[in-house]
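Structure first, then comments.
The values are calculated or read from the model by the stated rules, or taken from the named source; none is laboratory data. In this text the structure is predicted, and so the values were computed from the model without any measurement. Reconstructed Cβ throughout: ideal geometry from the backbone, glycine too, with neighbour counts over all protein chains shown. When the accessible area is computed, the model is the full protein with side chains, heavy atoms only, and any ligands, DNA or RNA have been set aside. Shrake-Rupley method; radii C 1.70, N 1.55, O 1.52, S 1.80 Å.
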Amino acid sequence: MARRLMSDSEILGQIPEARHRAHLTHPTAMKVRFDRPARRLHVTLTNGTTLVVPIDLISSLRHVADTDLAAVKVGIAGVGLRWDDLDE
């Protein structure tokens, strides 16, 4: 039996539901902020969980200036964090 080819609009129409299902079973980072006084990262996941990570636990970031750490962003698809100026 031949498979029917889907149109681009049909494929694009399925993406929101697929993302929703993926977020329920495999949470990804949705939001991140750097807490300067405590030198910690607060990462909010798509399932509502917030992770708090002390910078001192990340050896490559331990000696980075607070102003540079504050430029943290959620990476592509929420699977990582990035600092563009630091190449991290």
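Rounding to the nearest 20 debye, state how big the charge dipole of the chain is about its Cα centre with +1 on each Lys and Arg Cβ and -1 on each Asp and Glu Cβ.
Dipole of the chain, to the nearest 20 debye: 360 debye.
Can you give the helix-only mean residue ellipticity at 222 nm for the chain, where every DSSP H stretch with n ≥ 4 adds -39500 (n - 2.57) and the sum goes over all residues, rounded to the nearest 500 deg cm²/dmol?
-7500 deg cm²/dmol
Computed from these coordinates, which is semi-axes √(5λ) of the Cα gyration tensor in Å: [x] 34, 18, 9; [y] 36, 14, 10; [z] 31, 15, 12?
[y]
Ranked by accessible surface with a 1.4 Å probe, highest first, in what order do I55, I11, I76 come?
The residues order as I76, I11, I55, largest area first.
Work out how far the C-alpha atoms of region 1-48 reach from end to end along every principal axis, then list the three figures in whole Å, largest first.
62, 19, 13
Using a Gaussian network model of the chain whose springs link C-alpha atoms within less than 10 Å, name the residue from G75, G48, G13 with the highest mean-square fluctuation.
Maximum fluctuation in the GNM of the chain, among the listed residues, is at G13.
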